[in-house]
1. Find all pairs meeting these conditions: Cβ atoms under 6 angstrom apart; at least six residues apart or on different chains; first residue within the range 67-81 and more than 19 Å from Leu3 (Cβ to Cβ); second residue at pLDDT 95 or above and in a loop (DSSP other than H, G, I, E, B).
2. Taking the range 40-78, which residues are in contact with a strand residue (DSSP E or B) (Cβ under 9 Å, 6 or more places away or on another chain), part of a strand (DSSP E or B) and exposed (fewer than 14 other Cβ atoms within 10 Å of the Cβ)?
Amino acid sequence: MILLHFTCGSPEEATKISRHLLEKKLCACCVSSPAHSQYWWKGLIEETEETIVLAKTLEHLKQRAIDEITGHHSYETPCIITIPCETTKDYNDYLRGELDADKHRQR
């Protein structure tokens, strides 16, 4: 399993991007939560409220998901972190069952 960790400028943007990834079958699940961020940007320390998204996907879908996040994101330089993870066999089976190309379907 691959976790894609990225931040959005609002809960609405996080929901929009998450839903897009789900509809494209590029992830099986997205979890979002509020965050208070402090960071350097163009020589100044900035402080803002953001929404963190964790998208659960598979290795072969990772780059397509990253491309979609980048293409739909409002930030000039979105932070997208790729985290390889081990999970249980049952959860891995769930991911593969939902994301395998031959099983794509609209619900």
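1. From the range 67-81, the pairs are Ser74/Gly9.
2. Trp40, Ile45, Glu46, Glu47, Thr48, Glu49, listed by residue number.
The values are calculated or read from the model by the stated rules, or taken from the named source; none is laboratory data. Since the model is a prediction, treat every value here as computed from it, not as a measurement. Every residue, glycine as well, gets a Cβ built from its backbone with ideal geometry; the counts of neighbours run over all protein chains shown.
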